[in-house]
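J.: Got a structure for you, questions after.
The values are calculated or read from the model by the stated rules, or taken from the named source; none is laboratory data. Just so it is clear, the model here is predicted, and its values are computed rather than measured. With ideal geometry, Cβ positions are generated from the backbone for all residues, glycine too; neighbour counts draw on all protein chains shown. Heads up: the accessible areas ignore ligands, DNA and RNA and are worked out on the full protein's heavy atoms, side chains in. Shrake-Rupley method; radii C 1.70, N 1.55, O 1.52, S 1.80 Å.
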Amino acid sequence: MTRVGGDAKPVPDGNAKEGSVEGGSALPLLSSGTPALSTERAGSLRLVPTDRLPPAKQSVQTDAQCPRPTLPSLSAQAKVAITAGWHVSADTLVNGFQFVMVDAGVKRGSAGCAAIGGSALVFNAHGLIAIAYDRNAKQSSRLSSLTVPQPGVVQLLSLKGPLAELSVTDQQIGLRPLATSKRNRSSR
């Protein structure tokens with residue numbers, strides 16, 4: 001496994017029984033398997049296998065013009081990220097894997113409020129298995145959020161729109177670039 005950061009610490013297993021209750025029903029268990037992870041890049045995005053969560057390099061920055069809503073209920077995995085000094089902006093279960101979007105705060109820019117140092121953490125029942133991160137130089141084009149547009153797909157977004165997708169199965173988590181509008185036109 002890849003070590004990320006000099007002060008990185010192993011991420012505890014979390015709660016393998018996924019004890020969170022939402023709407024009165026228990027969430028499904030996290031997968032105990034570790035799928036293959038794609039090593040492809042999608043622009044400046046990378047998916048890196050790791051079992052170590054780096055601590056936030058700075059305390060979470062806030063901007064009065066960029067409100068930060070708090071999520072109503074957090075998974076054990078999201079709580080681990082908060083303990084490491086990260087702000088959690090998304091926490092969702094997809095095909096047995098917990099995806100936690102973290103950042104080190106927000107900064108107001110011309111395009112809106114952009115996340116600082118955003119990354120998507122991927123957990124299975126045993127702990128952290130991968131981090132998707134972006135090192136784009138333009139703040140408005142950097143990874144800042146994630147959504148689940150359809151089952152088995154996690155879309156990674158910037159302020160300007162979708163950047164890439166993670167296809168999620170029990171066999172593989174693959175990072176894939178989105179087709180550009182020019183590619184879509186040429187395929188017609």
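J.: Can you classify region 34-93 as rounded, prolate or oblate using the Cα gyration tensor, where a ≥ b ≥ c are the square roots of its eigenvalues, rounded means a/c under 1.5, and otherwise it's prolate if a/b beats b/c and oblate if not?
T.: It is prolate, given that a/c is not under 1.5 and a/b is the larger ratio.
J.: Once you order the gyration tensor axes a ≥ b ≥ c over the Cα atoms, which shape class does region 49-187 get: rounded for a/c under 1.5, otherwise prolate or oblate by comparing a/b with b/c?
T.: oblate
J.: Under a 5 Å amide H to amide H cut-off, with H placed in plane at 1.01 Å, what residues pair with Leu163 once short-range neighbours are removed?
T.: Residues meeting the criterion, in which the H sits 1.01 Å from N, are Leu156, Leu157, Ser158.
J.: Related question: Where does the charge balance sit around Val148 when Lys and Arg score +1, Asp and Glu -1, over other residues with C-beta under 12 Å from its C-beta?
T.: Within the 12 Å Cβ shell, the charges total -2.
J.: For region 94-146, what does the alpha-carbon gyration tensor say about shape, rounded, prolate or oblate, given a ≥ b ≥ c as the root eigenvalues, a/c under 1.5 as rounded, and a/b over b/c as prolate?
T.: Judged from the Cα gyration tensor, region 94-146 comes out prolate (a/c at least 1.5, a/b above b/c).
J.: For Tyr133, what charge total do you get from the other residues with a beta carbon under 10 Å from its beta carbon, if Lys and Arg give +1 and Asp and Glu give -1?
T.: Summing Lys/Arg as +1 and Asp/Glu as -1 gives +2.
J.: I need to check one value: relative contact order of region 80-142, counting alpha carbon pairs closer than 8 Å and at least 6 residues apart, in percent.
T.: Once divided by the residue count of region 80-142, the mean separation gives 23 percent.
J.: So how do Val148, Val88 rank on accessible area, 1.4 Å probe, biggest first, that is with the largest at the start?
T.: Per-residue accessible area, sorted high to low, gives Val148, Val88.
J.: Applying a 10 Å radius around every beta-carbon, put 95-101, 32-38, 78-84 in order of their mean neighbour count, most first.
T.: The most tightly packed comes first, giving 95-101, 78-84, 32-38.
J.: Around Arg41, what is the net charge, scoring Lys/Arg as +1 and Asp/Glu as -1 over all other residues with Cβ under 15 Å from its Cβ?
T.: +1
J.: Could you work out the relative contact order of region 33-157, using alpha carbon pairs under 8 angstrom and six or more residues apart, expressed as a whole percent?
T.: The value is 24 percent.
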